[in-house]
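Remarks on the structure that follows.
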Amino acid sequence: MKKGVLIPIIVTTVYLLIYTFTPHLSISAKVIIALFVFSPFLMIWMVLSILIKGEPSKKKFSDGHWYEDVNKVYSRDA
């Protein structure tokens with residue numbers, strides 16, 4: 001994976017973990033709401049980074065490959 005794609009994924013994942021644990025850390029509701037409002041921007045940044053800088057798969061749906069991480073060829077008729 002390229003560095004330009006890995007950084008947004010890590011930042012967004014860490015942000016999600018922090019946001020998930022904030023109710024248990026007795027943090028103000030205003031801070032939690034602010035984190036919630038800012039989260040879609042991180043998601044958009046991550047998705048756009050993956051779409052723009054990511055490497056396309058060499059496997060094709062038309063050849064029966066439906067998933068990148070599974071080495072199984074599915075029927076073309078299914």
Next item on the list: Please calculate how many Å² of accessible area the chain carries per residue, with a 1.4 Å probe and no DNA, RNA or ligand atoms counted.
Entry: 85
Check: Could you give the angle, 0 to 90 degrees to the nearest 10, between helix 3-21's Cα long axis and the longest principal axis of the Cα atoms of the chain?
Finding: 50
Next item on the list: Mind checking the full-extension length gain between Leu17 and Val31? Use 0.36 nm per residue of separation minus the Cα-Cα distance, one decimal, nm.
Entry: 3.6 nm
Next item on the list: Take the solvent-accessible surface of the protein heavy atoms, probe 1.4 Å, and return the percent of it on the chain that carbon and sulfur atoms account for.
Entry: 70
Next item on the list: Note the full-extension length gain between Lys60 and Leu6 as 0.36 nm times their separation in residues minus their Cα-Cα distance, in nm to one decimal.
Entry: 17.0 nm
Next item on the list: Just tell me which lysines come within less than 23 Å, Cα to Cα, of Lys72; anything on the same chain fewer than 8 places away is out.
Entry: Lys58, Lys59, Lys60
Notebook entry, point to check: Among Val11, His65, Gly54, which residue has its Cα positioned farthest towards the positive end of the charge dipole of the chain, with +1 placed on the Cβ of Lys and Arg, -1 on the Cβ of Asp and Glu, and the dipole taken about the Cα centre?
Noted result: Gly54
Next item on the list: Please list 48-55, 61-68 highest first by mean number of surrounding beta-carbon atoms within 10 Å per residue.
Entry: 48-55, 61-68
Item checked: 222 nm mean residue ellipticity, helices alone, for the chain (DSSP H n ≥ 4; -39,500 (n - 2.57); rounded to 500) -> -19500 deg cm²/dmol
Next item on the list: Report ³J(HN,Hα) in whole Hz for each residue of segment 45-60, in order, from the Karplus equation J = 6.51 cos²θ - 1.76 cosθ + 1.60 where θ = phi - 60°; Gly and Pro get x.
Entry: 4, 5, 5, 5, 4, 5, 5, 7, 9, x, 9, x, 6, 8, 7, 10
Item checked: Calculated diffusion of the chain, Stokes-Einstein form, Kirkwood radius summed over Cα pairs, 4 °C and 1.567 mPa s, µm²/s -> 85
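The values are calculated or read from the model by the stated rules, or taken from the named source; none is laboratory data. Only a predicted model underlies this, so the values are computations on that prediction, with no experimental measurement involved. Cβ coordinates were reconstructed from backbone atoms using ideal geometry, including for glycine residues, and neighbour counts include every protein chain displayed. To get the accessible areas, we keep the full protein, side chains included, count just its heavy atoms, and leave off ligands, DNA and RNA. Shrake-Rupley method; radii C 1.70, N 1.55, O 1.52, S 1.80 Å.
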